[in-house]
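One structure below.
The values are calculated or read from the model by the stated rules, or taken from the named source; none is laboratory data. Every value quoted in this text rests on a predicted model; they were computed, and no experiment measured them. Counting neighbours? That spans all protein chains shown, and the Cβs are built from the backbone with ideal geometry, glycine included.
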């Protein structure tokens, strides 16, 4: 598959060939979904916590006699049914992470890239540079190119002025190629890759 290589001013600056092993697979929704679920579960902090019955500061003295009152038998006021008592089966601090083999994660990334290629949602640009760290000027360039909802992937490092100018533009994510992931690919309409990012992806999967 061949795509035009664009410059940030919108002019064509060549062509790039996408590898069939990375961008030419028939997308499997189940693999992509598994990887997205793995990412979202792993990012949860798991710091939610409520006090259980043994952790609340309430008296454990029996409130009235066991028999003869005509009411239910109660003991400590820390029981869950009383106001101020401990919560029954409440959330505790834990990890929400689930396991997913490394090979499955790599395969899911290739299927996510293939899904974008199949939908025509991949754009290749020559390089990402900005003369000045001006958000307004960069947003204007993105508007001309149609990047209203995009994930932009550069090479090993992102040029400082471009990173600063792009970070306040709504619905635009900029990542180095090492940070490319299935969730961010699928949540954005357009995937923008530089030539350096393409070379790094081909080297990674070959």
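Quick look at the numbers
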| quantity | calculated |
| --- | --- |
| Spans of helices (runs of 4 or more DSSP H) in the range 101-206 with at least 1 residues closer than 26 Å to residue 39 by Cα | 102-118, 160-166, 182-187, 195-205 |
| Qualifying residue in the range 23-42 (condition: assigned by TED's automatic domain parsing to the domain that holds residue 110, at negative phi and touching a strand residue (DSSP E or B) at 6+ places or on another chain (Cβ under 9 Å)) | yes |
| Selection status of residue 90, in a loop (DSSP other than H, G, I, E, B), more than 27 Å from residue 194 (Cβ to Cβ) and more than 27 Å from the chain's Cα centre (by Cα) | yes |
| Set 77, 81, 66: member being free of Cβ contacts under 8 Å to residues at least 24 places away in the same chain and surrounded by 14 or more Cβ atoms within 10 Å (Cβ to Cβ) | 77 |
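Quick grid of which residues meet (1) outside the structural domain of residue 66 (by TED's automatic domain parsing); (2) touching a helix residue (DSSP H, G or I) at 6+ places or on another chain (Cβ under 7 Å):
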residue: 81; (1), (2): no, no
residue: 103; (1), (2): yes, no
residue: 116; (1), (2): yes, yes
residue: 128; (1), (2): yes, yes
